[in-house]
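Reviewing the structure listed below.
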Amino acid sequence: MNDLHLRAEGLSLAYRDRRVLDDLTLALPAGRVTALLGPNGCGKSTLLKAFARLLSPTAGRVTLNGRDIHAEDTRALARTLAILPQSPLAPEGITVGDLVGRGRAPWRGFLAPWSAADAAATARALDAVGMADLEDRPLDELSGGQRQRAWIALVLAQATGLLLLDEPTTFLDLPHQIEVLSLLRRLNRDDGTTVVSVLHDLNLAARFCDHLVLLGPRGLVATGSPAEVMTPDHLLAAFGLRALVVPDPVTAAPMVVPL
């Protein structure tokens, strides 16, 4: 398990004059798979951007191992955490290998030649997502699930201990969603990588994640294990949803059944 501790302390976030989150204090467990959950517009993606230092708070701070993330050197931070945004864009015609190799940028000096270490990191990333045999294929020829695995390989090639992923299963059908979430869980279990994802499917989050953060219209509703977070009262507070919560017949994780 790695020791990368990400924490929000009295965090307030806004876009222009619109306040999104207010006075949020929250710790994400190191070496675990965490999902950020909640209704549209509650601030899930905004919070992830703040954790990645893509958005500056209006109040409070984000810390990484106790240090304000905005005080960290940019290259050092990019060697510590990687973010995969929603619907990332790639140059037309780029191959899978070229895309994944771009993850090596934080480890290479200006105009530095491609090194054996870069090649090895790229190969490991492709192998981890089962894409080594597709290295020379154009990205735009792949299926949705394959493309998403290629993007995940890019952040793996960055060789960080902390992955932040904004809706990594969006636009994927159910088998591909399970494929991506299984991959992230395996990376966590095999390498101790801390994974934080914005997700929409409550039942998949409860099945594949160790820790949940549930946001609602008024901010944080609950945080903790799936059993602690997935309760009828919490779902009503976050979504206005009346639901039963029963054991998943396959994994015994909490399963939400809307009423």
- Query: Dipole of the chain, Cα-centred, from +1 at each Lys and Arg C-beta and -1 at each Asp and Glu C-beta, to the nearest 20 debye?
  - Reply: 560 debye
- Note on the structure: Taking a probe of 1.4 Å and leaving out DNA, RNA and ligands, the chain shows per residue an accessible area in Å² of 47 Å²
- Item | Accessible carbon and sulfur surface of the stretch 114-201 relative to its total accessible area, %, 1.4 Å | 50 percent
- Relative contact order for the stretch 1-82, counting Cα pairs under 8 Å that sit 6 or more residues apart, in percent: 36 percent
- What is the P(r) of the chain, as percent of Cα-Cα pairs per 5 Å bin from 0? 1, 6, 13, 17, 19, 16, 13, 9, 5, 1, 0, 0
- Distance in nm between Phe110 and Glu92 label points, each 7 Å along Cα→Cβ, equals 3.2 nm
- Which angle between 0 and 90 degrees, to the nearest 10, do you get for helix 174-191 versus the longest principal axis of the chain when only C-alpha atoms count? 70 degrees
- For the stretch 179-244, what is the relative contact order in percent, using Cα pairs closer than 8 Å and at least 6 residues apart in sequence? 19 percent
- Message: With a 1.4 Å probe and all protein chains kept in place, how much accessible area does Ser225 have, in Å² rounded to the nearest 10?
- Response: 40 Å²
- Task: Within the stretch 99-141, report the chymotrypsin sites (Phe, Trp or Tyr not before Pro) that DSSP leaves as loop and that have at most 10 other Cβ atoms within 10 Å.
- Result: Phe110
- Message: Leaving out ligands, DNA and RNA, and with a 1.4 Å probe, what % of the accessible surface on the stretch 204-259 is carbon or sulfur?
- Response: 61 percent
- Message: Based on DSSP loop calls and a cut-off of at most 12 other Cβ atoms within 10 Å, the longest stretch of the chain free of exposed trypsin sites (Lys or Arg not before Pro) is what?
- Response: 17-217
- Taking the stretch 75-214 and dividing mean pair separation by its residue count, relative contact order in percent (alpha carbons under 8 Å, at least six apart): 30 percent
- Per-residue ellipticity at 222 nm attributable to helices in the chain (runs of n ≥ 4 DSSP H, -39500 (n - 2.57) apiece, nearest 500 deg cm²/dmol) works out to -9000 deg cm²/dmol
- Query: Using a simple spin-label model with points 7 Å from Cα along the Cα→Cβ vector, what separation in nm is obtained for Arg189 and Glu228?
  - Reply: 2.3 nm
- Query: Roughly what angle does helix 144-157 make with the longest principal axis of the chain, taking Cα atoms, 0 to 90 degrees, to the nearest 10?
  - Reply: 70 degrees
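The values are calculated or read from the model by the stated rules, or taken from the named source; none is laboratory data. The model shown is predicted, which means the values in this text are computed figures rather than measured ones. For neighbour counting, all protein chains shown are included, and Cβ atoms are generated from backbone atoms with ideal geometry for every residue, glycine included. Note: areas computed on protein heavy atoms with side chains; ligands, DNA, RNA excluded. Shrake-Rupley method; radii C 1.70, N 1.55, O 1.52, S 1.80 Å.
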